[in-house]
Amino acid sequence: MNIRSIHIIILGILYDGPKHGYQIHKCLDDPNGIGAVWKIKITNIYGLLDVLEKDGYIVPSKQLIDDTTYPPKKYFEITDRGKEIFQQWMREPVKHGREIRQVFLSKLYFANKESAEVAHQLILDQIKECNQWLVNSKQLPDGGVEFVKIVNSFRLMQMKSYITWLEELKKK
């Protein structure tokens, strides 16, 4: 099972109902939605769908869809297993600062679609996680090396800015 965040995001898109590859791509390309965070070529979508189908997270849809276009399109729907992994992923804070820009924002996008309460809890959990990063990073040794001090200083400021941003989000 080699499931990455982009796979889970596709599960989130299918959570609303069956879609074919091009519809999924249109969702991923929407600048007013998840496309504000992710950019992916349509040719990559089908490989991601294959992995999800092989792992049992999605299946070809049995639902009759009024689609008279040619060639006929293969629609996919999320399985119970796919829903479970998506819900778990969406509700967990990210574990690394580098994941804030894409993964956390993606989780927040779907959490907001679910409910204001789910989104608020995700923000609270992420603040807690970031505060733990801050505590851990203050304990990093610098060995007296100036460059390492600069890197650690950068990381501290970055974490503090994440926390400040999350605190602002929490108020909304």
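The values are calculated or read from the model by the stated rules, or taken from the named source; none is laboratory data. Note that this is a predicted model, so its numbers are computed, not measured. Backbone-built Cβ (ideal geometry, glycine too); neighbour counts: all protein chains shown.
Within region 107-160, take every residue that is basic (Lys, Arg) and farther than 24 Å from Leu28 by Cα and give me the one that is surrounded by the most Cβ atoms within 10 Å (Cβ to Cβ).
Of the residues in region 107-160, the ones basic (Lys, Arg) are 107, 113, 128, 138, 149, 155, 160.
Those left that are additionally farther than 24 Å from Leu28 by Cα: 128, 138, 149, 155, 160.
Details: Lys128: 12, Lys138: 10, Lys149: 12, Arg155: 15, Lys160: 12.
Filtering region 107-160 for residues that are basic (Lys, Arg) and farther than 24 Å from Leu28 by Cα, the one surrounded by the most Cβ atoms within 10 Å (Cβ to Cβ) comes out as Arg155.
Residue check: is Gly82 over 30 Å from Glu167 (Cα atoms) and crowded, with 17+ Cβ neighbours inside 10 Å?
Values: over 30 Å from Glu167 (Cα atoms): yes; crowded, with 17+ Cβ neighbours inside 10 Å: yes.
Yes; evaluated as a whole, the condition is true for this residue.
Being assigned to a helix (DSSP H, G or I), touching a helix residue (DSSP H, G or I) at 6+ places or on another chain (Cβ under 9 Å) and among the polar types (S, T, N, Q), is that true of even one residue in region 107-120?
Checking region 107-120: at least one residue is assigned to a helix (DSSP H, G or I), touching a helix residue (DSSP H, G or I) at 6+ places or on another chain (Cβ under 9 Å) and among the polar types (S, T, N, Q).
I'd like to check something: does region 157-167 contain any residue that is of a type in the set (Asp, Glu), closer than 28 Å to Glu53 by Cα and either outside any loop (DSSP other than H, G, I, E, B) or in the same structural domain as Ser61 (by TED's automatic domain parsing) (or both)?
From region 157-167, those of a type in the set (Asp, Glu) are 167; that's our starting set.
Adding the requirement that they be closer than 28 Å to Glu53 by Cα leaves none.
No, there is no match, as no residue in region 157-167 is of a type in the set (Asp, Glu), closer than 28 Å to Glu53 by Cα and either outside any loop (DSSP other than H, G, I, E, B) or in the same structural domain as Ser61 (by TED's automatic domain parsing) (or both).
Among (1) over 20 Å from Ser5 (Cβ atoms); (2) exposed (fewer than 12 other Cβ atoms within 10 Å of the Cβ), there is one condition His96 misses while meeting the rest; what is its number?
(1)
Run Gly56 past the list (1) within 20 Å of Ile100 (Cβ to Cβ); (2) modelled with pLDDT of 95 or more; (3) in a loop (DSSP other than H, G, I, E, B) and report the number of the one that doesn't hold.
Answer for Gly56: the failing condition is (1).
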